[in-house]
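Asks: Can you read through this structure? Questions will come right after.
The values are calculated or read from the model by the stated rules, or taken from the named source; none is laboratory data. Quick caveat, the model's predicted, so the values are computed rather than measured. When we count neighbours, we look across all protein chains shown, and the Cβ atoms used for this are built from the backbone with ideal geometry, even at glycine.
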Amino acid sequence: MDKNAVIGFVLIGLVLMVWLWMNAPPPPEGSQAVTDSLKTAVIRDTMKTVAPAEPAVHEAQRDRDTLGKYFSHLITGKSKSLSVRTPNYKAELSTKGGAIRSWQLSHYKTWDQYPVDLLNDTKNGDFHLLFYTTDGKLIDTKNLIFQTAETRQEIVIEGKDSVKLEFILPVGNRSRIIKTYIFSGDLYSFDVLYRFEGMNDVIANFSYQITWESGIRFVEHNSVDESNQAKAIAFAGGEVSEINATSFGEVVKDSSISGRVSWIGTRNKYFAVVLIPRNKESKRASMEGIRTPLPDAGAKESYSVALEMPYLGNPGETDRFTVFLGPLDFDVIKDYGIGLENMMSLGAAWIIRPISEYVIIPIFKFLRMFIPNYGIVLIIFSILIKIALHPLTRTSMRSMQKMQALQPMMTEVREKYKDDPQKMNQQVMRLYKEYGVNPAGGCLPLLLQLPILYALWAVFSSAIELRQASFVLWITDLSIPDIIMKLPFSIPLFNIHELSGLALLMGATMFIQQKMSVKDPRQKMMVWMMPLLMTLMFNAFPSGMNLYYFVFNLLSIGQQAWVNKQHKGEPLRKVEPKKNRGGWIARIAKDLPQTKR
């Protein structure tokens, strides 16, 4: 391996390290689990006790003044709760706001094994109407009392059965808003029909908004990692728009999305809420988010989204929406057929995402049909990738062997022409050509693996199938680092407080592989530098990714040993120069009949 090859390896390593550093999730520090509902509730309750309490009558009077003549009578009354249970979730609804108060998923648990509830703790729930009235008031239906004729406290739906629940907001003698929920037993979504009767003299500006204000609850142990995955996304005109609050206290907004919006929503690491208009083109969509600090170096991002819809004023006008509240499972969201899979972060669309979507995920799904353990699936996947790259890596290893055999001759050339660098490079290139050695042959497999590595990172960071999927021994969750030791100090630059077992194993196998392939004494630093840096960079990565790379390195060690044994003692031979037949014009000219002059 000459200087050019070393420089190539170093550059590849630097590119890989920069990419890993840019994408590495920060390691959990202290008790970043403050995102669970109990501590969040404590923080909120503490804030409430600090604020001075106003007499209830003043609050009610203020609300009446805010709501104007059409809606002031709807803030009083007794609210009623009811629940809907399906195989996928348990939803709680309230007549106050006609809103969703809770949405517990049946098949998923939080990091501390409580049911995942996607709604943040808000006393008025979420999914409301917002509009201006003709008397100049901004009405938010979350504060109003709806009516319902439903008498059941809990409704159970099985299979593909469905149920309708009707909530009525009686605005006046001839005007009302009817909000009808349609729940199905086999979906993670529900439909909502808004029917406006006699509202032409009430709703101003010929528009209204449907809103989701409370974002989505965080349910993972590492709140920083979950915040880094959180964002708000809109899909309009076949293009994705998103906002992401990356700095504490920063409020990010986007209200410029207009025209036909296929959907708008917000996500955390593994779950999402999405608003989908069904029968009318929206006028505008808006998103807003903020990143806030939590105790013990934690972080939380919260996003609100809204769709502005046209109000045409037709008698009995009805609009329909679908609200998805569920896991970012590729098969589940792709079934909606409206580009909802763009909610998943599967890498850059031009090269990485196709690998994730059409190669890695299908292979995982296929292997999972026969193998219940995702750790074994990853091992088999590593074997398949190694088999696919075998011809290329074998050629690379042979090229590196020839480079090692050329070292004595290259040393002689460098010594002979040490005062003439140009002549020295010419002679080195002549050696490469005579013995058929490609100096970049060892770099190509690494370059080809980079997109696969990036795609694997994207899948492991967002695939809910790996969430809380255990393997063996201490590896209990393939989606997070497998911590085996806490350090009494922090490793500078990398901010490492804990060590990952699989990252250490991966680094050890990389060291062995480097030791087997690097023989040039001038490159001794490469033997330990790259494995050390890769171990530190991979320490905060999902254990599933480290398991893949560890197995891949083991296979590479075996392949290297086999190639070394097969060609051990084989003499270095010059290659026969290819005959120069000339260009295609010369060959055509040669075949043409010659004319006599």
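Asks: Kindly evaluate Asp117 against the criterion of being exposed (fewer than 15 other Cβ atoms within 10 Å of the Cβ) and assigned by TED's automatic domain parsing to the domain that holds Gly265.
Replies: So Asp117 fails the test.
Asks: Now a separate question. Just to verify a result, which residue in segment 231-265, among those that are in a strand (DSSP E or B) and either of a type in the set (D, E, K, R) or not assigned by TED's automatic domain parsing to the domain that holds Tyr89 (or both), is nearest to Ile216 (Cα to Cα)?
Replies: Looking at the filtered set, the residue picked out is Lys231.
Asks: Another question, if that's okay. Which one is surrounded by the most Cβ atoms within 10 Å (Cβ to Cβ), of the residues in segment 214-272 that are closer than 17 Å to Ile333 by Cβ and among the aromatic types (Phe, Trp, Tyr)?
Replies: Step by step, filter segment 214-272, then rank; the result is Phe271.
Asks: Right, another one. Read through the list (1) modelled with pLDDT under 90; (2) surrounded by fewer than 17 Cβ atoms within 10 Å (Cβ to Cβ), then give the number of the only condition that Trp111 fails.
Replies: Trp111 satisfies all of (1) modelled with pLDDT under 90; (2) surrounded by fewer than 17 Cβ atoms within 10 Å (Cβ to Cβ) except (2).
Asks: OK, next. Of all residues in segment 266-323, how many are touching a helix residue (DSSP H, G or I) at 6+ places or on another chain (Cβ under 8 Å), in a strand (DSSP E or B) and of a type in the set (Lys, Arg)?
Replies: 3
Asks: Now a separate question. Just to be sure I understand the filter: pairs with C-beta atoms under 7 Å, separated by 6 or more residues or on different chains, first member in segment 329-353 and assigned by TED's automatic domain parsing to the domain that holds Ala272, second member in a loop (DSSP other than H, G, I, E, B) and of a type outside the set (A, V, I, L, M). Which pairs pass?
Replies: If the second residue must be in a loop (DSSP other than H, G, I, E, B) and of a type outside the set (A, V, I, L, M), the pairs left are Val332/Tyr188.
Asks: Between a residue in segment 532-549 that is within 17 Å of Phe494 (Cβ to Cβ) and any residue that is surrounded by 24 or more Cβ atoms within 10 Å (Cβ to Cβ) and of a type in the set (Val, Ile, Thr), which pairs come within a Cβ distance under 7 Å, given they are 6 or more apart or on different chains?
Replies: Short answer, once both residue conditions are applied: Pro542/Ile480.
Asks: Right, here's the next one. Yes or no: segment 346-365 includes at least one residue that is surrounded by 21 or more Cβ atoms within 10 Å (Cβ to Cβ) and touching a Ser or Thr at 6+ places or on another chain (Cβ under 7 Å).
Replies: Yes, segment 346-365 contains a residue that is surrounded by 21 or more Cβ atoms within 10 Å (Cβ to Cβ) and touching a Ser or Thr at 6+ places or on another chain (Cβ under 7 Å).
Asks: Under the condition of being within 19 Å of the chain's Cα centre (by Cα) and of a type in the set (Lys, Arg), which residue from segment 287-329 is surrounded by the fewest Cβ atoms within 10 Å (Cβ to Cβ)?
Replies: Arg291
Asks: Considering Leu384, Leu389, which residue is out of contact with any Asp or Glu (no Cβ under 9 Å at 6 or more places or on another chain), of a type outside the set (Phe, Trp, Tyr), modelled with pLDDT under 80 and closer than 24 Å to Met506 by Cα?
Replies: Leu389
Asks: In segment 468-519, how many are free of Cβ contacts under 8 Å to residues at least 24 places away in the same chain and basic (Lys, Arg)?
Replies: 2
Quick grid of which residues meet (1) buried (at least 18 other Cβ atoms within 10 Å of the Cβ); (2) of a type in the set (Asp, Glu); (3) touching a residue at least 40 places away in the same chain (Cβ under 8 Å):
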position: Phe146; (1), (2), (3): yes, no, yes
position: Val163; (1), (2), (3): no, no, yes
position: Ile178; (1), (2), (3): yes, no, no
position: Tyr181; (1), (2), (3): yes, no, yes
position: Asn200; (1), (2), (3): no, no, yes
position: Phe206; (1), (2), (3): no, no, yes
position: Ile210; (1), (2), (3): yes, no, yes
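Asks: Quick check, is Ile363 over 13 Å from the mean Cα position of the chain (by Cα), at pLDDT 90 or above and not assigned by TED's automatic domain parsing to the domain that holds Gln104?
Replies: no
Asks: Oh, and also: With respect to Asn279, is the statement that it is polar (S, T, N, Q) and under 29 Å from Tyr108 (Cα atoms) true?
Replies: No, not satisfied.
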